[in-house]
1. Arranged from highest to lowest average of other beta-carbon atoms within 10 Å per residue, in what order do the peptides 493-504, 225-236 appear?
2. Need one number: % antiparallel among DSSP beta bridges in the chain, to the nearest 5.
3. For the chain, with every protein chain kept in place, what is the accessible area per residue (1.4 Å probe, Å²)?
4. What FRET efficiency, computed as 1/(1 + (r/R0)^6) with R0 = 51 Å and r the Cβ-Cβ distance, is obtained for Q579 and T483, rounded to the nearest 0.05?
5. For the residue pair D426 and S99, what label-to-label distance in nm results when each label sits 7 Å from Cα along the Cα-to-beta-carbon direction?
6. Pull up all non-local amide H partners of A491: gap of 5 or more, or a different chain, and H-to-H distance under 5 Å with H placed in the peptide plane.
7. Could you list, in their original order, any pairs among K60/K479; K60/K486; K60/K334; K240/K334 whose Cα atoms are separated by more than 18 Å?
8. Quick one: length gained pulling T551 to A354 fully straight, 0.36 nm per residue minus the C-alpha distance?
Amino acid sequence: MTTRSLAAVGALVLALLVPTAAQAAPAGPPPRPAAPSSPDPALQAHPLTAAPGPIDNPLKGWARFYSPGGNQNTGYPHSLTWGYFGLSEIMTNASNCGSYNWSIVDGMLAETAGYGNQAAIRVYLTYPGGTGSHPGNAIPACFNGNVAMRSDTYWNVTHPDYDSPFLINALKNFIAAFGARYDGDPRLGFIHLGLVGLWGEWHTWPYDTDTADGRPNYMPGDANGAQLIAAYDAAFNTTKLEIRYPDLAGGAANSRDIGYHDDSFCYREGSPLQGVTLPASLGGASYSQLTRTLAAGTENKWITSSMGGELRPEIQSTAFQHWPNGSGAVDNLKACIELEHATWMINEQSAGYAAGDANVGAAVRLMGYNLTVDNAYYRDTASGTTNVGVRIANSGVAPFYYPWTVTLGLKNGSGAVVRTWDTPWDLRKVQPLTIRNFPEWNVGADPSYRDFGHRQYFQHGVDLSGVAAGSYQWVMRVKNPLTNGKTLRFANATQQADGWLGLGAVTVGGSSLSSFEAEAATRGGGAIVAACAACSGGSKVGYLGNGGTLTFPGITGGTRTVTIHYLTAVTRTAVVNGQTVTFAPTGSWDSVGSTSVTLNLPAGTTSITIANPSGWAPDIDRITIS
């Protein structure tokens, strides 16, 4: 694969693509997400030490070009592989545009997955000169006689009539089939919409809207371009999509979960030099990516939609010699990453970077997500049902965009994982702690930053029943759905090579009874947790009854003896799974007593609820079950 060497025409291409329609104003500073819940005060806090984040974390950083049979894990560490495909290599039936041969895509995805990497891809129709392994003219043969062709004497290529109803219908059908086959495929990280224009970049310069040069406009009309964008949005509900500019097809992508793809990232050109990424306020040209984004009012789209692109090929080899401010043709890379909220970039020449280059490492860690667990929360000694919590901060410029499963585990003294619990935690909620202000927002001097995300707290109840008494370590990992894919690792000193993050030591009690702390159970109504020096975990739950309830989940069914450890200064009653139980006074609200009841619980995993619909119940310390 050879890197496209035609980027020098970028200034003219971009300048002539500046939108002429009425422009929106910048959106301005985004509102902060809602604050998360606070850590459970009944759990002990265990601080974790931060460390530099991995430079080859999945779905961020640099992407290298796919070369069939080539080793994808050479050069600077990375986790993404970029690939082009000609539409004619997939739509191979000359008499049927609805027939697709996906073998070339499947082959690339399988080979990429074999290296533990995920792919980012684009399908094109026209690629001047070809890629070396893919055709320059990738217009399917089934278009012949159905779609008018247009000659491009500047690039010596042929364009199809992008406004042809036959072409629009064929491409919409292709997009639907594309999504049906690959949406949510764990081998795929990002898809550029492609299909339209030179290299699939959604421009046909010099055959564009500037017809004063005597050349006709070969781009599709906005309505037809919008049909293709809508088709992609309908076909892909999981895999992240990206398009070149925010103003394409009349801004049809801007209200959809489609990010942007800056193919000339952080380059400066012209005389005097002007940036093609940064906004005009920071020396950017009138046609720069972020100038256009601000004009569309979509500068905060990164909160839900990924931002990718290509570090301009002319500067890839020298880009980090003057990090972060840049020099000459290299613009301020730190500002480019922070304001575009870039997650990933094609960078073929990163193959020549040293893995220990501190400047490159700083840029990669800034890109996308960089997650650190600052505290884990749990009881130092636990048994039965107990809660485990973590607080996660993001020092990158964007969230992690996929709902990968977060799993808790217990490791024994030999390092073996003896039990795991999948959680419902959603890492997409962990937004960057701070974001950089655009000068166009008029909120202060540049550079200035504002608080945005939060240290996100997550908590999950786990059942330790059946775990042998002893000393263990709580651990956590994020499951890459790609089999043998590179693991998402945290920027912590206790991040382990096997993907597990060490959260701290815990002692699992050895009693034959299963013990469940009230403060770790689910509270309803007005029930509250209160400090209790006499209680086993230092806390109790009060204000039960009269609407206040306490539910212990994760209980194994069958005929069980349940001992309720409670506190009350007066006689109280409660309904325990439909059975009324009387609780004698324990002497005071600070003294613990117990009473037992036999319950016939349904088979499987069930729950026990303590309530009193007509009065007050005692305060509860815990329950034990045998």
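The values are calculated or read from the model by the stated rules, or taken from the named source; none is laboratory data. If you're wondering where the values come from, they're calculated on a predicted model, not measured in any experiment. We place every Cβ from the backbone using ideal geometry, glycine too, and count neighbours over all the protein chains shown. Just so you know, the surface numbers come from the protein's heavy atoms only, side chains and all, with ligands and any DNA or RNA stripped out. Shrake-Rupley method; radii C 1.70, N 1.55, O 1.52, S 1.80 Å.
1. Most protected by this proxy first, the peptides run 225-236, 493-504.
2. 75
3. Heavy-atom accessible area per residue stands at 36 Å².
4. After rounding to 0.05, the efficiency reads 0.60.
5. Each label point is offset 7 Å from its Cα along the Cβ direction, giving 4.4 nm.
6. Distant-sequence amide H within range of A491: L371, T372, V373.
7. Details: K60/K479 16 Å; K60/K486 12 Å; K60/K334 16 Å; K240/K334 24 Å.
Violating the 18 Å limit, Cα to Cα: K240/K334.
8. 65.4 nm is the gain from fully extending T551 to A354.
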